[in-house]
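Derivation of every value follows stated rules applied to the coordinates shown; laboratory data play no part. In this text the structure is predicted, and so the values were computed from the model without any measurement. Cβ placement follows ideal geometry from the backbone for every residue including glycine, while neighbour counts extend to all protein chains displayed.
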Amino acid sequence: MFGEEKILDSIATLSRAKQLAFALLVFERMLPSLTAFSMDTGFDDSCYLRGREAAWDSLRDWGRDRIDQSLREDCRRRAPDTEAFSHQFTSYALNAALAMSDTLDFILEGDLRQLADVLTLATDSVYFFIVGLGPSPDYLPELKEVAAHPLMKQELLRQKEDLRFLSALPDRFDEAAVSALRTRVGTQAPLIPSERG
């Protein structure tokens with residue numbers, strides 16, 4: 001809808017380890033919303049943090065995936081229920097939780113549709129945020145208006161930059177490549193601005 005198809009075509013040319021690294025970069029931008037939601041509501045986000053560490057471990061030791069099936073199922077089952085929470089970050093937290101679930105699915109199954117889902121969850125979060133900036137709760141901007149919004153343009157640009165960054169790394173992740181990836185994570189801004197209205 002917002003250019004994910006082109007990005008997914010480029011992701012398809014990367015090694016499987018780099019595809020996982022891409023999903024991690026996107027998830028790490030989504031994580032601050034899940035963390036803030038958890039802190040404010042008491043929601044238990046521990047399975048997503050365990051999933052995150054398991055994904056990083058898989059990246060370091062590709063081919064010997066040690067993702068516990070129960071962790072994947074736990075992450076899918078525990079996703080925040082939008083009916084049960086009225087917090088302003090509920091939708092973003094749900095999308096981050098589902099993005100980690102899809103990332104774990106990708107590690108175990110290697111299906112590019114799971115990466116497509118991660119991309120869609122990220123752009124959906126940006127879309128929800130932009131809609132929330134509207135003049136009324138019923139405001140629904142045109143898709144071209146959303147695509148032109150600086151926040152959506154910024155996320156799509158970051159995804160393209162992530163692809164360029166990953167293309168320059170070796171296909172298998174040694175400690176230097178993992179360190180470079182962690183450094184990149186540490187310098188990126190969250191997907192959704194952290195100011196709360």
Checklist outcome for this item: Within the set GLY110, GLY51, GLY186, GNM on the chain using Cα springs under 10 Å gives the largest fluctuation to GLY186
Checklist entry - Once the other residues with Cβ under 10 Å from the Cβ of ASP171 are scored (Lys, Arg +1; Asp, Glu -1), what is the net sum? => result +3
Checklist entry - What is the range 28-89's relative contact order, in percent, from Cα pairs under 8 angstrom and six or more apart in sequence? => result 39 percent
Checklist entry - Excluding same-chain residues fewer than 8 positions from LYS144, which lysines have a Cα within less than 16 Å of its Cα? => result LYS153
Checklist entry - Based on the mean of other beta carbon atoms within 10 Å per residue, what is the order of 70-81, 161-172, most packed first? => result 70-81, 161-172
Next on the checklist: How high is the relative contact order of the range 1-128? Use alpha-carbon pairs under 8 Å, at least six apart in sequence, and give a whole percent.
Outcome noted: 33 percent
Checklist outcome for this item: Most packed first (mean Cβ within 10 Å per residue), the peptides 33-43, 145-155 order as 33-43, 145-155
